[in-house]
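Have a look at the structure below, then the notes.
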Amino acid sequence: MKGEAWLFTGTALFFAATTLVYGWFSREPAGTAALCVSFVMSGLVSAFLWRQYRRGGRRPEDHGEAEVREAGGRRVFFPARSHFPVLAAAGSALIALGVVQGLWLCLIGFGVLLPGILGFAFQSLGHEE
């Protein structure tokens, strides 16, 4: 994960610098906001990859002289079933409808989306080997 983490860290730094330069010279809010969102998203991926690297250590892919057989065996845990994707999708749809129909529907959408996101994040904490 270390190589991927460095890649996304560089991408996040690129978007941060680009956002600052573009925002300073253009004074145009839409492009600056889009670059800022790009920075945040690549920063989130970078933070996740660094966390996974610190948590799991070096993988065989991170070694230059690693053999293919070193990467064999079970590596990660994938949960069997989950209702959280349905909650997250329904919440996202309600938020999108709420933008058109009214704030009340948007608030209900956030109430449905929040458990879906939290479930995605925390459903497999106790099941790791």
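The values are calculated or read from the model by the stated rules, or taken from the named source; none is laboratory data. Owing to the predicted nature of the structure, the values given are computational and were not obtained by experimental measurement. When we count neighbours, we look across all protein chains shown, and the Cβ atoms used for this are built from the backbone with ideal geometry, even at glycine. Side chains included, ligands, DNA and RNA excluded: accessible areas come from the protein's heavy atoms. Shrake-Rupley method; radii C 1.70, N 1.55, O 1.52, S 1.80 Å.
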Any residue at all in segment 3-22 that is open to solvent by less than 70 Å² (accessible area, probe 1.4 Å), at pLDDT below 95 and in contact with a Pro (Cβ under 9 Å, 6 or more places away or on another chain)? no
Subject >> Test: residue in segment 70-90 that is modelled with pLDDT of 95 or more, open to solvent by less than 50 Å² (accessible area, probe 1.4 Å), under 24 Å from the mean Cα position of the chain (by Cα) and under 30 Å from residue 119 (Cα atoms) >> reply: yes
Just one listed residue, out of 48, 120, 110, is open to solvent by 50 Å² or more (accessible area, probe 1.4 Å), in a helix (DSSP H, G or I) and modelled with pLDDT under 85, and it is 120
